[in-house]
Structures are given as structure tokens and as C-alpha cells.
Amino acid sequence: AFAEGSKGETVQDLTDAVQAVVNSKDGQVWGYGDVYLEGERSIMRSQETNLGNLTADANLAYAKSVDPTVVLSLKNGGGIRSQIGSIDPLTGEKKPTAANPSSGKPAGGISTLDIEDSLRFNNSLSLVTVTASELKAMLEHGVSSYPNQGRFPQVGGMAFSFDPSRPEGSRIVNLTIEDGNGKDLDLVVRNGVLYGDPNRTFRMVTLYFIADRKSTRLNSSHLVISYAVFCLK
């Protein structure tokens with residue numbers, strides 16, 4: 001079937017070349033994790049997940065290295081296209097990444113291939129300044145078509161709750177700005193109502209394709225996750 005000059009040989013040459021690329025990328029390990037990083041489509045688009053938080057926090061950490069005044073990170077769940085982990089085919093149990101002997105990747109390793117597969121849009125980052133009222137409006141938009149919509153917010157530097165039974169535009173119940181330890185720094189929304197000066201501002205990092213084109217553009221978010229996965233080791 002794979003004799004020299006046959007169509008089978010051509011197919012074999014192509015698959016071997018693709019496999020070589022896969023093995024090379026899966027063998028480049030950036031860090032290690034002992035949990036399944038949730039990136040499944042329907043879940044990412046309906047709730048915050050550990051992978052959503054990890055990548056949002058990674059964007060925030062990188063943005064702070066460029067502009068220390070940045071306190072918030074916002075991205076959409078639809079920008080994450082795959083989980084980082086494995087699923088037991090018999091039990092359905094979600095586990096950390098499986099080993100890949102052909103590439104030398106150990107169990108739990110997080111590789112270039114994992115990162116590129118999950119963040120395959122390779123979105124760049126932008127720095128923007130938003131008011132308290134604008135921040136609430138952004139999150140309202142993010143939950144306006146709940147559930148299973150790509151606009152669902154994955155965030156860093158803040159925590160929010162919402163009630164999907166409320167009318168669109170008034171679903172955000174509580175919203176606070178938080179430090180890296182989860183300590184509240186600023187109350188923005190309480191019981192559905194803006195708290196404090198609605199025009200006070202916050203510096204935020206977000207994905208370039210959902211930001212104002214006049215904002216400051218940073219490096220690709222696909223590369224930023226390398227900072228975060230080292231924290232898993």
C-alpha cells in the first residue's frame with residue numbers, strides 16, 4: 001500500500017511530516033499541572049473556569065509588567081477553543097494531560113501544542129481605560145445572551161455574580177475589584193446598583209479584537225500563558 005511512487009507513499013510522507021510537527025510541539029514543555037484545565041466549549045461559554053481564570057490572570061500579570069497601573073483583565077470564553085487535559089474514555093473522568101511517549105512529553109506536562117490548541121486564535125492584547133459604569137456595561141453584555149455564548153466573561157483582578165433571570169442589562173448583581181489574594185479593593189456593583197463614582201476609572205487588559213483600536217497593543221496572548229504555566233510546576 002505504501003510502495004515507492006504510489007499514492008499511499010505520498011499519503012505516508014504527508015502524515016509523517018505532520019506527525020513530526022506534532023511531536024516537536026508536544027515535546028516542548030513549559031510547565032506542569034496536576035489538574036484538568038477546563039476549556040470545553042459549552043462550559044467556557046457559560047461559566048468561569050480554571051483555564052479561563054488562568055489565562056486571564058496570565059494576561060494581567062504580563063500587562064502589569066508593561067504598565068503597573070493595570071488592575072483588571074477581561075477576555076471572552078469563546079477565545080478559548082480547547083481544554084488542556086485528558087478524559088478517561090471508560091469513566092469520563094477529567095484528568096491532567098496524558099504522557100506522549102513519542103514526543104517525550106511526561107504526564108501532566110503542558111506543551112506548546114496544548115497552548116496553541118487552546119489559544120489557537122493567538123489574540124494580541126490591548127490596554128484600555130474604563131469607567132466603573134463602562135465596566136458594568138461590558139459584563140452585562142457578556143452575560144446578556146447566557147448561556148453558551150462566546151461573549152461570556154473570563155476575568156482576572158475582579159469577581160462578579162449575575163442573575164440570568166433578570167432582564168438583559170441588569171443581570172450583574174455584585175462586582176468587586178480584587179488583589180491577587182482575592183481581597184476586595186473596590187466595590188463597583190452591589191445588589192445590582194453601581195456603587196460610588198460611576199466615572200472613576202480602571203486600567204484593564206483585554207483581547208485586541210474586542211478592544212478599541214486606539215488602545216495600546218501588547219504581545220500575543222498565546223505567548224503570555226507561558227508565564228502562567230510555570231506557576232503550575
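The values are calculated or read from the model by the stated rules, or taken from the named source; none is laboratory data. Model, not experiment: these values are computed from the prediction. Here Cβ is always computed from backbone atoms with ideal geometry, including for glycine, and neighbour counts include all displayed protein chains. To get the accessible areas, we keep the full protein, side chains included, count just its heavy atoms, and leave off ligands, DNA and RNA. Shrake-Rupley method; radii C 1.70, N 1.55, O 1.52, S 1.80 Å.
A few notes on this one:
- Between T201 and R151, the contour length at 0.36 nm per residue exceeds the Cα-Cα span by 15.7 nm.
- Cα gyration tensor shape of the chain, rounded if a/c is under 1.5, else prolate or oblate by comparing a/b with b/c: prolate
- Sequence-distant residues sharing a close amide H with K105 (under 5 Å, placed H): N100
- Helical mean residue ellipticity (222 nm; -39500 (n - 2.57) per DSSP H run of 4+; nearest 500) of the chain: -9000 deg cm²/dmol
- Between T112 and A137, the FRET efficiency from the beta-carbon distance, with R0 = 41 Å, is close to 0.65.
- A simple spin-label model places pseudo-atoms 7 Å from Cα toward Cβ; at I210 and I87 they are separated by 2.4 nm.
- Sites listed here are trypsin sites (Lys or Arg not before Pro) in segment 131-214 whose DSSP assignment is loop and whose Cβ has at most 15 other Cβ atoms within 10 Å: K183, R200, R213, K214.
- Angle in degrees between helix 50-66 and the longest Cα principal axis of the chain, rounded to the nearest 10: 70 degrees
- FRET efficiency for E9 and S102, using Cβ-Cβ distance with R0 set to 30 Å, rounded to 0.05: 0.90
- Each listed q (0.22 Å⁻¹) maps to a log10 I(q)/I(0) for segment 77-189, found by the Debye formula over equal Cα scatterers with no solvent: -1.19.
- C-alpha long axis of helix 132-142 to longest principal axis of the chain, angle in °: 40 degrees
- Heavy-atom surface of the chain, accessible at 1.4 Å and reported per residue (Å²): 51 Å²
- Segment 2-139 - percent of accessible surface contributed by carbon and sulfur, probe 1.4 Å: 56 percent
- Exposed GluC sites (Glu not before Pro) absent - longest run of the chain, DSSP non-H/G/I/E/B, at most 12 other C-beta within 10 Å: 5-92
- Between segment 13-64 and segment 155-200, the Cα center-to-center distance that results, in Å: 28 Å
- Residue separation of N50 and D184 scaled by 0.36 nm, minus their Cα-Cα distance, works out to 46.2 nm of gained length.
- Which of I43, I87, I115 is most accessible, then next, and so on - probe 1.4 Å: I87, I43, I115
- 10 Å Cβ shell holding at most 16 others, DSSP loop, chymotrypsin sites (Phe, Trp or Tyr not before Pro): longest site-free stretch of the chain: 3-120
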